[in-house]
Amino acid sequence: MDNCRLRILSKHDQGFISMPEGQNIIHLCFNNILINFSKEDFIMFRKIVKDIYADNSPVAFPDGRERILLNSPYSGINFSFNHFEMAELVRSLDEAFYMERIYSFLQ
């Protein structure tokens, strides 16, 4: 992330979602994941995550824990979340989406 002033769209124990003022970039920092999106890609990512969460098809891992998988566009790179983490991610994505909309109306 550069030295631009960041507008926090969502913040919680798992991380934050922010947007540099005057830019079309949204930063998602969640646990040990940091992803940068354009606004359009963020909206698409939010929809994909919400669809996966609604489907709620956890996979049993070798350690016996059930995790929800989020595939990336890159072969071999996938993210796994327990139910609580996925619920927090969805909540954060929703909050950030609505906060970005509010800020855009205020400008």
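The values are calculated or read from the model by the stated rules, or taken from the named source; none is laboratory data. Predicted model only: the values in this text are computed from it and were never measured. Cβ sites come from the backbone with ideal geometry, for glycine too, and all protein chains shown count toward neighbours. The area values use the complete protein model at the heavy-atom level, side chains included, leaving out ligands, DNA and RNA. Shrake-Rupley method; radii C 1.70, N 1.55, O 1.52, S 1.80 Å.
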Q: Compute the convex hull volume of the Cα atoms of the chain, divide it by the residue count, and report the result per residue in Å³ as a whole number.
A: 111 Å³
Q. If R0 is 30 Å, what FRET efficiency do you get for SER57 and CYS4 from their C-beta distance, rounded to 0.05?
A. 0.20
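At a 1.4 Å probe, what is the % contribution of carbon and sulfur to the accessible area of the chain?
The C+S portion of the solvent-accessible surface of the chain is 54 percent.
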Q: Find the accessible area per residue for region 1-65; the probe is 1.4 Å, ligands and nucleic acids are left out, and the unit is Å².
A: 65 Å²
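Compare the peptides 56-62, 23-29, 87-93, 99-105 by average per-residue count of other Cβ atoms within 10 angstrom and give them in order, highest first.
Working: 56-62: 9.9, 23-29: 18.1, 87-93: 19.7, 99-105: 12.1.
Ranked from most to least packed, the peptides come out as 87-93, 23-29, 99-105, 56-62.
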Q: Starting at the first residue of region 58-63, write each ³J(HN,Hα) from the Karplus equation 6.51 cos²θ - 1.76 cosθ + 1.60 with θ = phi - 60°, in whole Hz, x for Gly and Pro.
A: x, 10, 6, 8, x, 7
Q: For region 1-55, list log₁₀ I(q)/I(0) at each q in 0.20, 0.29 Å⁻¹, using the Debye formula over Cα point scatterers of equal strength and ignoring solvent, two decimals each.
A: -0.75, -1.25
Q. Do you know the relative contact order of the chain, to the nearest whole percent, from alpha carbon pairs under 8 angstrom that are 6+ apart?
A. 22 percent
